[in-house]
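First up is the structure itself, then whatever we jot down about it.
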Amino acid sequence: MAKIKSKLLCFTSIQKHILKNSSLRNKFWTDDKYSTLYWISVLIGSFALCVFLSYDIVLKWYDSPVNRFNINEPRHISENPFPAITICHNDPISSNKMNLASVLNWERQNKTDEEWQTLNVVYEMCHWKHKIVKLENIDPKIVYKVLKEFSTKCEDTIKQIRWKDKIIDRPCEIMQPVFLLNNLCFSFNALPYHDMYRQVPYKLQDVLQTGKKWSNLTSNWNLDDGYSDNLTSIPWNMKSTSFWNTVEFILAQKDANYGCSSKQGFTVYFHSPSDVPDYSHSSLKLSKNSHSYVQIITQLSLTDDGLKSWTPQKRGCYYLNEKWLKYNTKYSYINCYVECQVNYTKSLCGCTPIFRMSSSFPVCGPKLQHCQANAAIQIQRAYRTCKCLPSCTDIDYELSYSTVSKNFSYIKKSLMFLDNLTDSNDLASIEATVNLEHTWPLRRNAEDTNLGYIGKIAGMTNLCRGVSLISVLENFYFFFINPFFQ
């Protein structure tokens, strides 16, 4: 005990010596107890004030380290791809090839399983609400058969494309078939199948014999790096905003006594060439005997190179090589979300949605619509469930458009594709162009550097406590070095 008391007295005398002989001459340690209490209160109060004022700085450092703002470095129109344009016929099953009125009167006991599965596929694609015997699972081979024999083909829908000043009379050679949920659609200027998918999707192209010319091309573009050379540009892009730099589609929809759907016309989606089409993309409706003129506004988001060393969660985005997808070779938020939906549907329902058919899994039938809906609800918050984040380089398109009526009979002589099977009154057209020569991107940047945050906290500490680097070193010397030499 005597040794402990002597050590405490020694340490107390050292503290007195430090406080009386250091440059901090605030007389914290004096013989007057009231003066000592006062200065101790000042010390504690200033420390509490410093912590309170520094709390917001530290919280911002951890919770919102990234900020977005406009930059003054415009990107030329030729550096961005023209958007992919996905066209969906609102009558996906041709009433000229299937008597849609009669199939609703089928009786279960009079039909084979194959015929009944066929009816369930038509029911799904046409979005019918009629009462039929609904099946849980459908053989993928039946779906392919329905698409091949009864679907509205690209040749019946897309009659002509004019890209810039060149007319493409066989447009379906460059239109890739794709499902948008249960709708059969055709995509223009999307990445070729072999560049976008790890497996060419669900034999769809082989069944429909559409888009093979485009699918055999090789892309030289990705979101993070842009175009790799100036010789070829796949996907296509615009070089300027001159008046001939537009794309125009002429579409056809034949009248029928009994249509598949009550909806008429077409739905057209505009999206990034590396995205699978989705209902969240910008779109417009198009009806017969009309012409729509669309101006496209490109919106681009970039990420500062200084954030590459950050984790994706802290940065708030993924680069292309940071997250692997099972079905797609190119990462994007939409691709990640769709893949997550497919995986959850497989685990919950034991089948795959029609837009991701697989030979190893049956296709979900109408009886499992509620199960598919529950799977979609569970992944609505895709960030937490699927760990999907935006792409660090992201491209999106906003539309401004006007639609007017158009009488195609006045120009039918110039339409070389018109024949006895196509009436000029069944046509519609859409023309699209990018209206700005340059795009001003948004750049994802750090709110401040680590050194900047340290400087803010140090400034707040100096304001409240009068602390500087010299005073910190001085106290370190008196507390930890000087006692060994006394």
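The values are calculated or read from the model by the stated rules, or taken from the named source; none is laboratory data. Predicted model, so just to flag it, every value in this text is computed and none were measured. Methodologically, a virtual Cβ is constructed for each residue, glycine included, from the backbone with ideal geometry; neighbour enumeration extends over all protein chains shown. Calculation scope for accessible area: heavy atoms of the full protein, side chains included, ligands and nucleic acids excluded. Shrake-Rupley method; radii C 1.70, N 1.55, O 1.52, S 1.80 Å.
Remark: spin-label model distance K129-E431 equals 3.9 nm, labels positioned 7 Å along the Cα→Cβ axis.
Solvent-accessible area of region 151-301 (1.4 angstrom probe, protein heavy atoms only): carbon and sulfur portion equals 47 percent.
Evaluating 6.51 cos²θ - 1.76 cosθ + 1.60 at θ = phi - 60° for every residue in region 168-184, the Karplus couplings come out as 9, 7, 10, x, 6, 5, 10, 9, 8, x, 7, 8, 10, 6, 9, 9, 7 Hz, glycine and proline recorded as x. At the residue level, D91 shows approximately 20 square angstrom of accessible surface with a 1.4 angstrom probe and all protein chains present. With both labels modelled 7 Å from their Cα along Cα-to-Cβ, the V51 to S358 distance reads 5.4 nm.
With a simple spin-label model that places each label point 7 Å from the Cα along the Cα-to-Cβ direction, the separation between S280 and N216 comes to 3.6 nm. Between D139 and N407, the contour length at 0.36 nm per residue exceeds the alpha carbon distance by 92.1 nm.
When the solvent-accessible area of region 342-381 is split by element, carbon and sulfur atoms take up 51 percent of it, the probe being 1.4 Å.
Rg of the Cα atoms in region 117-265, relative to 2.2 N^0.38 Å, amounts to 1.23. The chymotrypsin sites (Phe, Trp or Tyr not before Pro) of region 214-245 that DSSP puts in a loop, and whose beta carbon has at most 11 other beta carbons within 10 Å, are F243, W244.
Summary of packing: across the peptides 122-135, 348-361, 331-344, the per-residue average of other C-beta atoms within 10 Å ranks them, highest first, as 331-344, 348-361, 122-135.
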